[in-house]
Amino acid sequence: MSKKPVILGIESSCDETAASIVTENEQGIPVILSNIVSSQVEVHKEFGGVVPELAARAHIDKIDWIVQKAIDDSGLKSEEINAVASTAGPGLIVCLSVGLSFGKSFASAMNIPFISVNHLEGHALSPKLNSKLNYPYLLLLISGGHTQYLSVKEIGVYKRLGTTIDDALGEAFDKTAKLLGIEFPGGPQIEKLAIKGDPNKYQLPKPIFNKGGCNLSFAGLKTAVLKISKNIKNEQDKYDIAASFQKTIEDILYKKTKNAFNEYEKINKFTNKVFVVAGGVAANKKIRSSLIGLCDENNYKYIFPPIDLCGDNAAMIAMVGLEKYKKKKIDGLDYPAKPRWSLDESAAFLKGSGIKY
Ligand code: KG4
Ligand code: ZN
């Protein structure tokens, strides 16, 4: 049996401190040997969002033992690790710096290569951790900080087809949750409350629904929910708002994904139709089933990461590190933290007011 590379992945871009050891089997399929995630939800919940300074401190407190635990749980010794991959961006610079510096120091001390990883690339390739996935494919990336449709040609080669012009989808879920008195991060709670509510009770806006290709907008929803939430009288009203919000999001994603299919097919003629949904919001089961229905209608094969690998984790970072290592894409120890780092650097910046379609 040939010796397969063993990669230590480190993630600290936002409010999760994570480390993982990943290798691959004889067929070249990634194998997760350990995957440790320490969430800071308790640290930030009283503030209703992530406080960068507190997040960085929590990363510093935990990173040593998280990495040690990932190594111990893998059953391997530090000396058996062939390379270290750390998230270098995008994210909060004070948080990124913790995992990046730790990874560089580890690589330097062990005299092994260091590899920088784009956090979004981790999400983009995360379905490879449990499915065979060939390039190219259409990706919908829905997380707390990003919402994009991308045509993924191969590792490192992305074409953005659409993006949010204001809030990210996870942010829209969290803001709606906050208005309903739910602690951060409220996305998963909205999904639960929605089950008990009437999805047709409130008509919420669907910004740029019939224009803008597969670009998206969610800011108008927050304003509408704010108005309605002033008249909440009982728990059932909250369930109905959650259900109406969830249903509106499903409608928007259904329509915009259909547009994204068209855009994708224009640039990927004669290739397999494969649709991947990744990022924290991809854990939402109702969104999954609505998009699965759309795929069935349009002959697309669909692939989702396992629910526990939708949110931030280091297995996806180690796995990107593994692919880069095999392609000899190694970085220097002077590689900088990149708070802004898009997958398609050529795509226009669309955020902000005054965007016209
Ligand atoms: O990918 P992720 O863990 O972190 C970022 O890179 O942003 O995504 C976190 C986001 C949060 O906004 C959270 O509320 C949302 O994903 N989220 C969900 C669900 N699970 C997590 N939103 C809706 N439904 C869910 N089940
Ligand atoms: Zn993420």
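The values are calculated or read from the model by the stated rules, or taken from the named source; none is laboratory data. The structure presented is a predicted model; accordingly, all values stated were derived computationally and were not measured. Using ideal geometry, Cβ is built from the backbone for each residue, glycine included, and neighbour counts are taken over all protein chains shown.
Points to keep in mind about this one:
- Residue within region 295-304 that is at negative phi, part of a helix (DSSP H, G or I) and in contact (Cβ under 8 Å) with a residue 24 or more places away in the chain present: no
- Matching residues, region 36-47, being exposed (fewer than 15 other Cβ atoms within 10 Å of the Cβ) and more than 16 Å from ligand 2 (Cβ to nearest atom): E42, K45, E46, F47
- Condition met for G181 (surrounded by fewer than 23 Cβ atoms within 10 Å (Cβ to Cβ) and within 17 Å of the chain's Cα centre (by Cα)): no
- Some residue of region 117-126 being buried (at least 24 other Cβ atoms within 10 Å of the Cβ) and more than 14 Å from ligand 2 (Cβ to nearest atom): no
- Per the listing Y254, Y335, the residue uniquely more than 16 Å from ligand 2 (Cβ to nearest atom), within 30 Å of T17 (Cα to Cα) and modelled with pLDDT of 95 or more is Y335.
- Looking across region 213-231 at every residue that is within 21 Å of the chain's Cα centre (by Cα) and modelled with pLDDT of 95 or more, the one that is nearest to Q203 (Cα to Cα) is identified as F218.
- Output for region 80-114, where each listed residue is part of a strand (DSSP E or B) and either in contact with an Asp or Glu (Cβ under 9 Å, 6 or more places away or on another chain) or of a type in the set (A, V, I, L, M) (or both): A83, V84, A85, S86, T87, A88, F114
- Listed by first and then second residue, the pairs with beta-carbon distance under 6 Å, at least 6 apart or on different chains, first residue in region 221-234 and free of Cβ contacts under 8 Å to residues at least 24 places away in the same chain, second of a type outside the set (D, E, K, R), are A224/L204; A224/P205.
- Against the criterion of being within 16 Å of ligand 2 (Cβ to nearest atom) and under 30 Å from V31 (Cβ atoms), G279 qualifies.
- Pairing residues of region 1-24 that are free of Cβ contacts under 8 Å to residues at least 24 places away in the same chain with residues that are in a strand (DSSP E or B) and surrounded by fewer than 24 Cβ atoms within 10 Å (Cβ to Cβ), at Cβ distances under 7 Å and at least 6 apart in sequence or on separate chains, gives K4/T23; K4/E24.
Results for (1) closer than 28 Å to L309 by Cα; (2) within 23 Å of the chain's Cα centre (by Cα); (3) surrounded by fewer than 20 Cβ atoms within 10 Å (Cβ to Cβ); (4) of a type in the set (D, E), shown as yes or no for each residue.
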{"site": "A168", "(1), (2), (3), (4)": "yes, yes, no, no"}
{"site": "A172", "(1), (2), (3), (4)": "yes, yes, no, no"}
{"site": "K192", "(1), (2), (3), (4)": "yes, yes, yes, no"}
{"site": "N200", "(1), (2), (3), (4)": "no, no, yes, no"}
{"site": "K233", "(1), (2), (3), (4)": "no, no, yes, no"}
{"site": "I249", "(1), (2), (3), (4)": "yes, yes, no, no"}
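- Filtered by the rule that a residue be within 16 Å of ligand 1 (Cβ to nearest atom) and under 12 Å from L140 (Cα atoms), region 258-286 gives V276, V277, A278, G279, G280, V281, A282.
- Taken as a whole, the condition of being of a type outside the set (S, T, N, Q), more than 22 Å from G144 (Cα to Cα) and either in contact with a strand residue (DSSP E or B) (Cβ under 8 Å, 6 or more places away or on another chain) or crowded, with 22+ Cβ neighbours inside 10 Å (or both) does not apply to G187.
- Selected residue (only one of D167, D174 is part of a helix (DSSP H, G or I), among the charged types (D, E, K, R) and within 16 Å of ligand 2 (Cβ to nearest atom)): D174
- Qualifying residue in region 14-35 (condition: hydrophobic (A, V, I, L, M, F, W, C), surrounded by 19 or more Cβ atoms within 10 Å (Cβ to Cβ) and in contact with an Asp or Glu (Cβ under 6 Å, 6 or more places away or on another chain)): yes
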